[in-house]
Amino acid sequence: MNIPIYQVDAFTSKPFGGNPAAVCPLESWLPDETMLQIAAENNLAETAFFVKAGDTYEIRWFTPAVEINLCGHATLGSAYVIFNCLGLEEKTIKFHSHLSGDLGVEKQGDLLVLDFPAYGVHETEAPAASIEALGKTPLKAWETQGNMIMLLFESEAEVRSIEPDMSALARVPYDEVIVTAPGDGSDFSSRMFAPKIGIPEDPVTGAIHCSLIPYWAERLGKTKLFAKQVSKRGGELFCELNGGRVRIGGSATLFLKGEIYV
């Protein structure tokens, strides 16, 4: 069996930036074990698989270790492939995930804009293990959707300076650890670590902005925000809070295309 594969750098306008996602269009679903093996072989933060069903694309995402409930950059990458490689002429795409419901992507010039759910946050105490693993104490901490914890720091410089002990961070009782602060030249900055699910640091993470956007929109008193994820590769996100949904815009560029033989 030959399976097409594309690698798209998402949330960037040039190769070697943003977050690389593997995208595999399918005629029908493969066994879960096969999709996980493909994701492990790709060894990227996420591999997206989708199957067209009428006017909707069913989509799933796998890290090298597990299936996850939502992924922004691999959805952006999938939309790029559908628009630019598979020749869709419409300006909008409907996706559906059996884990996170209806999602959308709209083409606006060079930007692809995700329509994702907005998630609330619930204040909590930062686990001592997370403080030890990060080497820094946050100002505040919140739990949010998808077994994530969000930690607030004073400045972007402090966020950039974090050098986690990944082995220790993998023992924290959260799948994903988000660190965030006011931005330098942006409304807010962030990084995301998830060694527990096979992603030491994710370069640019659309899904965490489902929680970050509502928090920063309330804190800053505005619904349109510009965000930067300040990993080594880095990425830019054009964000909007729209009621119970968030809109996350970014560019994408194709890095490679080929075939998988299984």
Q: Residue by residue through segment 3-59, note down the ones that are more than 16 Å from the chain's Cα centre (by Cα) and modelled with pLDDT under 95.
A: Ser13, Lys14, Pro15, Phe16
Q. Applying the selection to segment 1-45, what residues are under 23 Å from Ile248 (Cβ atoms) and β-branched (Val, Ile, Thr)?
A. Val8, Thr12, Val23
Q. How many residues are without any contact (Cβ under 8 Å) to a residue 60 or more places away in the chain and aromatic (Phe, Trp, Tyr) when one looks only at segment 2-56?
A. 3
Q. Out of (1) in a strand (DSSP E or B); (2) without any contact (Cβ under 8 Å) to a residue 24 or more places away in the chain, what's the single condition that is false for Ile93?
A. (2)
Q | Tabulated pairs, segment 60-89, first more than 22 Å from Met148 (Cβ to Cβ), second surrounded by fewer than 24 Cβ atoms within 10 Å (Cβ to Cβ) and of a type in the set (D, E, K, R), C-beta under 8 angstrom, 6+ apart or interchain | A | Ala79/Lys107; Phe83/Lys107; Cys85/Lys257
(Q) Considering only segment 65-86, I want to know if a residue exists there that is farther than 25 Å from Arg233 by Cβ and either surrounded by 16 or more Cβ atoms within 10 Å (Cβ to Cβ) or touching a helix residue (DSSP H, G or I) at 6+ places or on another chain (Cβ under 6 Å) (or both). (A) no
Q: Could you tell me whether segment 212-230 includes any residue that is assigned by TED's automatic domain parsing to the domain that holds Val172, of a type in the set (Ser, Thr, Tyr) and within 16 Å of the chain's Cα centre (by Cα)?
A: no
Q: Filter segment 8-37 down to residues that are among the polar types (S, T, N, Q) and either surrounded by fewer than 19 Cβ atoms within 10 Å (Cβ to Cβ) or assigned by TED's automatic domain parsing to the domain that holds Gly234 (or both), then give me how many there are.
A: 4
Q. Can you name the residue in segment 96-113 that is surrounded by fewer than 18 Cβ atoms within 10 Å (Cβ to Cβ) and not in a strand (DSSP E or B) and, of all such residues, is modelled with the lowest pLDDT?
A. Asp110
Q.
Restricting to segment 217-235, name every residue that is within 15 Å of Pro20 (Cβ to Cβ), modelled with pLDDT of 95 or more and crowded, with 21+ Cβ neighbours inside 10 Å.
A. Gln229
Q.
Can you list the helices (runs of 4 or more DSSP H) lying wholly within segment 114-216 that have 2 or more residues being surrounded by fewer than 18 Cβ atoms within 10 Å (Cβ to Cβ) and of a type in the set (A, V, I, L, M)?
A. 128-134, 166-169
Q: Go through Thr75, Thr12, Thr34, Thr47 for me and flag whichever is within 20 Å of His209 (Cα to Cα), of a type in the set (S, T, N, Q) and part of a helix (DSSP H, G or I).
A: Thr75
Q: Of the conditions (1) assigned to a strand (DSSP E or B); (2) without any contact (Cβ under 8 Å) to a residue 60 or more places away in the chain, Val246 clears all except one; give me its number.
A: (2)
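The values are calculated or read from the model by the stated rules, or taken from the named source; none is laboratory data. Keep in mind that what you see is a predicted model, and the values were worked out from it rather than measured. Positions of Cβ are backbone-derived with ideal geometry, glycine not excepted, and every protein chain shown enters the neighbour counts.
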